[in-house]
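Structure, as structure tokens:
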Amino acid sequence: MLRTLVISLVDVYSMLIFVYVLMSWLPTDRGVLADVNNVLAKVCDPYLNLFKRLIPPIGGMVDITPIIALLVLQLGAQLLVRFL
């Protein structure tokens, strides 16, 4: 039961990060997309900023921190589930 909850929460958070990264490619100046982007930023940025401090963008433009953050999140969840 607890394992299922942990896996579900990690999957939902991973999906939020994925959607947030995809939305960074869209113009979100105003409207509903801007509101969704602001909410996702408040939820995802604290976690992603942990990795942005450690990993600089490649070539000054390509940010791989979401990929690393998702991998760490998934691996951490798998380790946690093994000990439950």
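The values are calculated or read from the model by the stated rules, or taken from the named source; none is laboratory data. What you are looking at is a predicted structure, and each value in this text was computed from that prediction instead of being measured. Positions of Cβ are backbone-derived with ideal geometry, glycine not excepted, and every protein chain shown enters the neighbour counts. Surface accessibility is based on the protein's heavy atoms, side chains included, excluding ligands, DNA and RNA. Shrake-Rupley method; radii C 1.70, N 1.55, O 1.52, S 1.80 Å.
For region 35-84, taking the residues that are open to solvent by less than 70 Å² (accessible area, probe 1.4 Å) and among the small types (Gly, Ala, Ser), the one that is nearest to VAL19 (Cα to Cα) is identified as ALA41. Could you list, in sequence order, the residues of region 1-60 that are acidic (Asp, Glu) and assigned to a helix (DSSP H, G or I)? Answer for region 1-60, where residues must be acidic (Asp, Glu) and assigned to a helix (DSSP H, G or I): ASP11, ASP35, ASP45.
Of the residues making up region 12-38, those that are free of Cβ contacts under 8 Å to residues at least 12 places away in the same chain and closer than 23 Å to ALA77 by Cβ are VAL12, MET15, LEU22. In region 55-67, the residues that are free of Cβ contacts under 8 Å to residues at least 24 places away in the same chain form Cβ pairs under 7 Å with partners that are surrounded by 13 or more Cβ atoms within 10 Å (Cβ to Cβ) and part of a loop (DSSP other than H, G, I, E, B), at six or more places apart or across chains, as follows: PRO57/ASP63; ILE64/ILE55; THR65/ILE55.
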